[in-house]
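Report on the structure given below.
The values are calculated or read from the model by the stated rules, or taken from the named source; none is laboratory data. Quick caveat, the model's predicted, so the values are computed rather than measured. All Cβ positions, glycine included, derive from the backbone under ideal geometry; neighbour counts span all protein chains shown.
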Amino acid sequence: KSVVHRICAGQVILDLAAAVKELVENSLDAGATSIEISLKEHGEEWFQVIDNGSGISPNNFKVLVLKHHTSKLCDFPDLQSLTTFGFRGEALSSLCALGNLTVETRTKNESIATHLTYDQSGLLVAEKKTARQVGTTVTVKKLFSNLPVRSKEFKRNVRKEYGKLISLLNAYALIAKGVRFVCTNTTGKNVKSVVLKTQGSGSLKDNIITVFGMTVFSCLEPVNICISESCKVDGFLSKAGQGSGRNMGDRQFFFVNGRPVDMPKVSKLVNEFYKGANSRQYPIAIMSFTIPEKACDVNVTPDKRKIFLSDEASILHALREGLQQIYSPSNA
Ligand code: ADP
Ligand code: MG
């Protein structure tokens with residue numbers, strides 16, 4: 001219990017993307033190889049994440065959504081070597097408070113699944129048997145409905161929030177190896193469109209081809225930069241002269257140890273080098289950093305998008321040299 005008191009709780013769920021992100025990360029933590037995200041009216045009515053992971057065992061049904069309940073953190077030193085995505089035990093309890101949460105789950109030890117309904121305080125209020133394969137489905141209806149101001153904001157910005165969510169799902173689909181992603185959005189009476197569909201291949205290259213297509217891929221070149229003995233970056237960047245005029249945030253994805261993160265300094269550096277050769281264009285950048293866990297702190301913000309790197313200067317330095325080679329005028 002003392003562990004959790006040392007974690008500074010913030011607001012966990014700031015928008016639609018953050019909400020779905022927590023559910024997707026729970027599915028990844030549960031070892032899912034197939035994750036399906038369904039949205040109704042771009043997530044405004046409800047959203048659902050369906051996985052084929054381990055499922056939740058019955059002795060966790062009652063405590064599941066209680067604040068700081070987690071099955072993933074036993075001791076404070078664990079915080080230094082975090083390998084799972086979730087660890088705060090705050091996502092489900094926050095979602096409970098922000099919308100209507102139901103869970104359907106089954107582990108390999110049960111022959112039948114259970115459908116669970118929670119109230120806003122996190123109390124399990126209904127439990128019934130249902131048919132389902134092993135895995136978990138979490139559904140959130142009417143996100144933010146009990147926060148009038150944020151609810152209004154959400155309704156006004158729903159397209160923007162939806163866009164942010166799709167970009168985040170693209171990020172997971174690009175980096176997750178061997179995990180199949182499907183995202184659908186249902187609008188109107190019953191018009192369902194598939195927004196994202198991947199086969200869960202084993203390589204970043206294949207994932208880029210499924211997410212963005214062969215045409216996009218053929219405009220990229222591989223980057224492999226060794227930063228130090230234990231640090232490297234692998235990925236793909238637009239070939240000189242083949243970037244897009246589109247907004248730079250659009251197709252730039254950064255990962256540290258398999259987690260999508262924001263890296264504004266790296267993004268700025270890449271753009272600068274790229275623009276040196278081609279003004280008015282932004283490169284596509286998909287860059288995956290491998291950095292020893294003890295040299296990064298991903299817990300700086302509740303949504304874990306921001307990352308603090310203890311050796312950022314030397315990473316940027318090595319990157320600068322690598323980019324010089326790729327985008328030097330003689331190579332263009
Ligand atoms: P955390 O992920 O930080 O542990 P959450 O509130 O996100 O906290 O989830 C609480 C607990 O519920 C998890 O520790 C896990 O045991 C269980 N859980 C949540 N989602 C899933 C899922 N999709 N599959 C299996 N277990 C899950
Ligand atoms: Mg979690």
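Filtering the range 172-191 down to residues that are more than 22 Å from GLU25 (Cβ to Cβ) and in contact (Cβ under 8 Å) with a residue 60 or more places away in the chain, which residue is surrounded by the fewest Cβ atoms within 10 Å (Cβ to Cβ)?
THR187
When you go through LEU79, LEU95 one by one, which is the residue that is surrounded by 14 or more Cβ atoms within 10 Å (Cβ to Cβ), part of a helix (DSSP H, G or I), modelled with pLDDT under 85 and not β-branched (Val, Ile, Thr)?
LEU79
Given (1) buried (at least 21 other Cβ atoms within 10 Å of the Cβ); (2) modelled with pLDDT of 90 or more, where does ILE307 come up short, assuming only one miss?
Failing condition for ILE307: (2).
Under 16 Å from GLU22 (Cβ atoms), within 12 Å of ligand 1 (Cβ to nearest atom) and at pLDDT 95 or above: which single residue out of THR102, THR137 fits that description?
The conditions single out THR137.
Conditions first: (1) over 20 Å from ALA173 (Cβ atoms); (2) surrounded by 20 or more Cβ atoms within 10 Å (Cβ to Cβ); (3) modelled with pLDDT of 85 or more. ALA240 passes all but one, so which condition is the exception?
Looking at each condition in turn, ALA240 falls short on (3).
For the structure I just gave you, tell me whether SER193 is small (Gly, Ala, Ser), in the same structural domain as LYS21 (by TED's automatic domain parsing) and part of a loop (DSSP other than H, G, I, E, B).
When the stated conditions are applied, SER193 does not pass them.
Is there any pair linking a residue in the range 155-171 that is not assigned by TED's automatic domain parsing to the domain that holds ILE284 to one that is of a type in the set (Gly, Ala, Ser), with Cβ under 6 Å and at least six apart or on different chains, and which?
Cβ pairs passing all conditions: LYS164/ALA17; LEU165/ALA17; LEU168/ALA17.
Listed residues SER38, SER2; which is more than 16 Å from THR102 (Cβ to Cβ) and either at pLDDT 95 or above or over 14 Å from the mean Cα position of the chain (by Cα) (or both)?
SER2
If I ask for residues that are hydroxyl-bearing (Ser, Thr, Tyr) and either at pLDDT 90 or above or more than 20 Å from VAL256 (Cα to Cα) (or both), which ones from the range 201-215 would you list?
Listed by number, the residues that qualify are SER203, THR210, THR215.
When both residues are 6+ apart or on different chains and their Cβ atoms are under 7 Å apart, which pairs have a first residue that lies in the range 58-71 and is under 15 Å from GLY135 (Cα atoms), and a second that is away from ligand 2 (no atom under 14 Å from the Cβ) and among the aliphatic types (A, V, I, L, M)?
What qualifies is PHE61/LEU116; PHE61/LEU124.
Failed condition for LYS155, given (1) farther than 24 Å from ALA19 by Cα; (2) touching an Asp or Glu at 6+ places or on another chain (Cβ under 7 Å); (3) of a type in the set (D, E, K, R), with all others met?
Of (1) farther than 24 Å from ALA19 by Cα; (2) touching an Asp or Glu at 6+ places or on another chain (Cβ under 7 Å); (3) of a type in the set (D, E, K, R), only one is false for LYS155: (1).
Answer with yes or no whether GLY122 is modelled with pLDDT of 95 or more, at positive phi and in the same structural domain as LEU16 (by TED's automatic domain parsing).
No: the conditions fail for GLY122.
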